1. Hey, among A191, A173, A211, A160, which residue is in contact (Cβ under 8 Å) with a residue 40 or more places away in the chain, touching a Phe, Trp or Tyr at 6+ places or on another chain (Cβ under 6 Å) and either not charged (D, E, K, R) or not in a strand (DSSP E or B) (or both)?
2. Do you know which of the residues in segment 177-209 that are touching a Leu at 6+ places or on another chain (Cβ under 8 Å) and open to solvent by less than 10 Å² (accessible area, probe 1.4 Å) is farthest from the ligand (Cβ to nearest atom)?
3. Q72 - would you say it is over 20 Å from I171 (Cβ atoms) and within 16 Å of the ligand (Cβ to nearest atom)?
4. Can you confirm whether S65 is more than 16 Å from the ligand (Cβ to nearest atom), touching a Lys or Arg at 6+ places or on another chain (Cβ under 6 Å) and open to solvent by less than 70 Å² (accessible area, probe 1.4 Å)?
5. Just a yes or no: is a residue in segment 33-44 within 23 Å of M172 (Cα to Cα), in contact (Cβ under 8 Å) with a residue 60 or more places away in the chain, among the aliphatic types (A, V, I, L, M) and not in a loop (DSSP other than H, G, I, E, B)?
6. How many residues are more than 11 Å from G66 (Cβ to Cβ) and touching a helix residue (DSSP H, G or I) at 6+ places or on another chain (Cβ under 7 Å) when one looks only at segment 34-54?
7. If you take the residues of segment 68-94 that are polar (S, T, N, Q) and open to solvent by 50 Å² or more (accessible area, probe 1.4 Å), which of them is nearest to R258 (Cα to Cα)?
8. I want to confirm something. Restricting to segment 120-161 and keeping residues that are of a type in the set (K, R) and closer than 24 Å to E79 by Cα, which single residue is surrounded by the fewest Cβ atoms within 10 Å (Cβ to Cβ)?
Amino acid sequence: MNPSARKPARKPVIAGNWKMYKTIAETESFFAEIRPLVAGSAHCDIVIAPPFTLLRRAVEAAEGSGISISAQNLHWESEGAWTGEVSAAMIRDAGCRSTLIGHSERRQLFGETDEGVSKKIRAALDAGLQAIVCVGESLAEREAGDTEKVLERQLSGGLAGLTGQDFSRIIMAYEPVWAIGTGRTATPEIAQQAHNFIRSRLGQAGPPEAAGRMRILYGGSVKPGNIQGLMAQPDIDGALVGGASLEAKSFAAIVNFRA
Ligand code: 13P
């Protein structure tokens, strides 16, 4: 398989997950600073996922910049008595194009299950949102040799019942929990191995050509200094960036990894 022949077919995605950071004023400064830095960056799709309170302002501040705005989570019902929750329709109404689903912090700290992930994917796609679906193993699972078993379970549970057309509106993100916020990035080879496994499982869960077209992002301590090595791998199609997405300069440097 010739990676350089395959890769151009999948447009890279560089996405920033702001987690629970930033005020409205900080959001405005971020977009004012980053816009000129990514004005010529047509080689990839650029996404920022701020907290709910910032979504509308971020959509306005990013207008015409080529940066699209994503939520970090959603509820699977369209409306109802669900205190504290936000639906896909509301996220779409705020001007977002996508939402993260199944981030490991949601799974580990807020009890998110594969079944919940599956319902959220359905809700997001039905509302016209793209789903950025996160999977990844913990350190204990990796050390026990269970990485593929965990990925397999998350993929078969989370992506159950989806069609080839659904696949075309999903982006996968492989985020090994042990690499998130730790400064301990997976080596490009370790990440590639997991991405390759994910792609092969996607090819069994759905149409193989849809699996071949799906973008799979790596997340976990991505920085300007390690993005090139990761992007050189044949099955790594972009990055989901936490800490380094909070600063316009470092996020722009990751976006412009080819420069
Ligand atoms: P860091 O880049 O801070 O390790 O976070 C990764 C992440 O969780 C992105 O969703």
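1. Criteria check complete, one pass: A191.
2. The extreme case among them is L202.
3. So Q72 fails the test.
4. When the stated conditions are applied, S65 passes them.
5. no
6. Counting residues in segment 34-54 that are more than 11 Å from G66 (Cβ to Cβ) and touching a helix residue (DSSP H, G or I) at 6+ places or on another chain (Cβ under 7 Å) gives 4.
7. S78
8. Checking each candidate, the answer is R122.
The values are calculated or read from the model by the stated rules, or taken from the named source; none is laboratory data. Remember, it's a predicted structure, so these values are computed and weren't measured experimentally. With ideal geometry, Cβ positions are generated from the backbone for all residues, glycine too; neighbour counts draw on all protein chains shown. Ligands, DNA and RNA are stripped out before the accessible areas are found, and what is left, the full protein with its side chains, is counted by its heavy atoms. Shrake-Rupley method; radii C 1.70, N 1.55, O 1.52, S 1.80 Å.
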